[in-house]
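What follows is one structure encoded as structure tokens, with my remarks underneath.
Values in this text are rule-based calculations from the coordinates and carry no lab data. Everything numeric here is computed off the predicted structure, so don't read it as measured data. We place every Cβ from the backbone using ideal geometry, glycine too, and count neighbours over all the protein chains shown.
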Amino acid sequence: MNFSSKLLEAAVNEFSRLPGIGQKTALRLVLHLLDQPNAEVSRFSESLLKLKTEVCFCELCHNISDQHVCEICNSLKRDKRMICVVEDTRDVMAIENTNQYQGVYHVLGGLISPMDGIGPSDLKIESLIERVAKGEVEEVILALSATMEGDTTIFYLYKRLKDFDIQISTIARGIAFGGELEYVDEVTLGRSILTRVPYGKNIA
């Protein structure tokens, strides 16, 4: 792509580094910003800078938060006896949108994937074990994507949690194999949370 301005080219190159953004889309976004008033562009850039410098992760569940403990973990209306384990923040948002779950969460920050060099020590698993070991948790729901990596992670977590006096369950598989939670419609995801099933009965 030929550019009439080095500044335009540099901006397009930066936008095109974002996931799912090609150069044509990046060019369209940059040209849109050029058409906006300076105040609008300043507000946009300031919001990105504040996002990067001020956002933090909840000390309890590792969800993205504005405080050291997120609103969900702080809420008196949430059932702290129930922890829903998810891959990342997008899954928390997807489940929250169903309005079918009133417990708290634990964000792993990924899935076990030996092919990608991601092992259990790379995820927020030990802090999950510590939360359960305190004895206040009654159920852990393993709400991970129906992929090979998701199933591997579920199996590992089950092995780590099975000796605790808790119920371990997984979301019902109304979700096709290979499906990721963030792309599942709210009705299907909500139903799969409500009709979750015990995990481990058929595991040796």
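The table below lists the values:
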| item | result |
| --- | --- |
| Distance (nanometres) between label positions extended 7 Å along Cα→Cβ at residue 23 and residue 136 | 5.4 nm |
| Segment 42-121: trypsin sites (Lys or Arg not before Pro) in DSSP loop, at most 13 other beta carbons within 10 Å | 77 |
| Longest DSSP-loop-exposure-free segment, GluC sites (Glu not before Pro), the chain, at most 14 other Cβ within 10 Å | 60-135 |
| Environment charge of residue 9, counting only residues whose C-beta is closer than 15 Å and scoring Lys/Arg +1, Asp/Glu -1 | +3 |
| Sum of side-chain charges, residue 82 neighbourhood, beta-carbon under 12 Å (Lys, Arg +1; Asp, Glu -1) | +1 |
| Efficiency of FRET between residue 36 and residue 99 - r from beta-carbon atoms, R0 45 angstrom, step 0.05 | 0.80 |
| Environment charge of residue 122, counting only residues whose C-beta is closer than 14 Å and scoring Lys/Arg +1, Asp/Glu -1 | -4 |
| When each of 24/50; 80/159; 77/134 is checked by Cα-Cα distance, pairs over 31 Å | none |
| Difference of contour (0.36 nm per residue) and Cα-Cα distance, residue 75 to residue 129 | 17.3 nm |
| Contour excess over end-to-end distance, with Cα ends at residue 159 and residue 7 and 0.36 nm allotted per residue | 49.3 nm |
| Rg/Rg_globular for segment 6-54, with Rg_globular taken as 2.2 N^0.38 Å and Rg from C-alpha atoms | 1.18 |
| Loop chymotrypsin sites (Phe, Trp or Tyr not before Pro), segment 1-101, which have at most 15 other Cβ atoms in a 10 Å radius of their Cβ (DSSP) | 3 |
